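Step one of this worksheet: look at the structure below.
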Amino acid sequence: MQLGIFDHMQKNDKPERSYADMYANHLEVLEFADQTGMDFYFVAEHHFDLGFSECPSPGTFLGAASQRTKKIRLGPLVLSCHCGTPSVSPKKSRCWIT
């Protein structure tokens, strides 16, 4: 059996929390998941939803995560097709980081 994590990157429980702190915390959780043998980590792309999910660019976050992990497979689970250039979204959906 393979196990994975789906992350919304929420900070609605602490609105005063900085984005730098939120991203650093999620990277620490991801490093721990990698060290404990989790198989996958997925993150959702959301725009304009302050408080619920604050990851407008999963590729950027996953790029940072790839520098801190060894085995876990990383990928976006939700991509917003209406944001940005329409031809870019299909390309982004194929960019698994292994």
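The values are calculated or read from the model by the stated rules, or taken from the named source; none is laboratory data. These figures come from a predicted structure and were not determined experimentally. Here the Cβ is made from the backbone with ideal geometry for all residues, glycine too, and neighbour counts use every protein chain on show.
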* **Identity of the residue in the stretch 45-69, under 9 Å from the mean Cα position of the chain (by Cα) and crowded, with 19+ Cβ neighbours inside 10 Å, that ends up modelled with the highest pLDDT** => Ala65
* Evaluate the stretch 19-32: report whether one residue or more is charged (D, E, K, R), surrounded by 12 or more Cβ atoms within 10 Å (Cβ to Cβ) and at pLDDT below 85. => no
